[in-house]
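A short worksheet on the structure shown next.
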Amino acid sequence: MARTTVPLTLDLLDALDAPCRTCLFWEREPVHRDGLDPQERAREKEAWVSEVLREWGSCGRVAVVDGEPVGYVVYAPAAFVPGAGAFPTAPVSPDAILLTTAWIRPDHAGGGLGRLLVQGMARDLVARRDGVRAVEAFARTGRAPVGGHEECVVPAEFLARVGFKTHRPHPRTPRMRMEMRSLATWRDEVEAAWERIVGAVRRPRPSPAPVPREARSPRPWGPGASRRTSLVRR
């Protein structure tokens, strides 16, 4: 099974067919999102992704399994995420990027794709070197009610498993943080492990060591044999 992550694009956003495809919980303030029908919400979502791509750069990673997109994460500077202001643990730290959405198709859940997506985000952000020191996320504790906005919030358990720590506690929606230096160390460790694996596969097999002359089989009629023969004849 081939698994990888690629940058989020509008085409992949359509192909994912995720329930958050038409959700504007993060991207628009309530006054701007309430009352829109699903088609209008989808267009607003596309407009938001286009705006962030144009003004800031890549804002998400998509998990692809055997050529099929099955999950994604979205992240952006807090200035692009007006919905974050509704949380009691807001605002986001000024030195951090905000991770907003993490979604995996149910039939691929539990297979490590969430960690793979966070690793892809780490490689993207560390490579930019634009002064960002951390990634933060508003997390939810407990089980999300079906149909509520809590479904749009990443579970705290998942964030803790992939390296986030509580930065501002709250019984329902703590703000969690992963330092950029942790992302860099994680990326380096992953890449070093990959290099070791590739090196072990590609390393040429060593040539056999030459056999010492003393260990070779003696010739049937070597100098020693000739000497012994000549002594017998005398």
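The values are calculated or read from the model by the stated rules, or taken from the named source; none is laboratory data. Predicted model, so just to flag it, every value in this text is computed and none were measured. When we count neighbours, we look across all protein chains shown, and the Cβ atoms used for this are built from the backbone with ideal geometry, even at glycine.
Filtering the range 23-41 down to residues that are surrounded by 17 or more Cβ atoms within 10 Å (Cβ to Cβ) and not charged (D, E, K, R), which residue is nearest to the chain's Cα centre (by Cα)?
Here the residue is W26.
How do the pairs read when you match residues in the range 150-168 that are farther than 21 Å from G110 by Cβ with residues anywhere that are not charged (D, E, K, R), using Cβ under 7 Å and keeping only pairs 6 or more apart or on different chains?
Pairs found: K165/M176; T166/P174; T166/M176; H167/M176; R168/T89; R168/P174.
Against the condition part of a loop (DSSP other than H, G, I, E, B) and basic (K, R), how does R61 come out, does it pass?
It is false that R61 is part of a loop (DSSP other than H, G, I, E, B) and basic (K, R).
Where the second residue is of a type in the set (V, I, T) and the first is in a loop (DSSP other than H, G, I, E, B) and lies in the range 123-134, which pairs have Cβ atoms under 9 Å and are six or more apart or on separate chains?
Between residues of the range 123-134 that are in a loop (DSSP other than H, G, I, E, B) and residues that are of a type in the set (V, I, T), the close pairs are V132/I97.
Which condition number does G35 fail, the rest of (1) of a type outside the set (V, I, T); (2) part of a helix (DSSP H, G or I); (3) at pLDDT below 90 being met?
(2)
If the requirement is being in a helix (DSSP H, G or I), modelled with pLDDT of 95 or more, more than 16 Å from P7 (Cβ to Cβ) and of a type in the set (A, V, I, L, M, F, W, C), which of these qualifies: A42, A47?
Step by step, each of A42, A47 is checked, and only A47 is in a helix (DSSP H, G or I), modelled with pLDDT of 95 or more, more than 16 Å from P7 (Cβ to Cβ) and of a type in the set (A, V, I, L, M, F, W, C).
Tell me which residues, restricted to the range 60-81, are surrounded by fewer than 22 Cβ atoms within 10 Å (Cβ to Cβ) and within 20 Å of V92 (Cα to Cα).
Correct list: P77, A78, A79, F80.
Taking the options A76, A42, A47, name whichever one is without any contact (Cβ under 8 Å) to a residue 40 or more places away in the chain, under 21 Å from A156 (Cα atoms) and hydrophobic (A, V, I, L, M, F, W, C).
Going through A76, A42, A47 in turn, the sole match is A76.
Which of the residues belonging to the range 95-139 are among the polar types (S, T, N, Q) and either within 15 Å of L16 (Cα to Cα) or in contact with a strand residue (DSSP E or B) (Cβ under 7 Å, 6 or more places away or on another chain) (or both)?
Applying the first criterion (among the polar types (S, T, N, Q)) to the range 95-139 yields 100-101, 119.
Hits for the range 95-139 are T100, T101.
Please state which of the following conditions G85 fails to meet, knowing it meets all the rest: (1) under 21 Å from E151 (Cβ atoms); (2) modelled with pLDDT of 95 or more; (3) over 23 Å from the mean Cα position of the chain (by Cα).
(2) is the only condition that G85 fails.
Please go through the range 82-122 and give me each residue that is charged (D, E, K, R) and part of a helix (DSSP H, G or I), ordered by number.
First, pick out the residues of the range 82-122 that are charged (D, E, K, R): 95, 105, 107, 115.
Passing the criteria: D107, R115.
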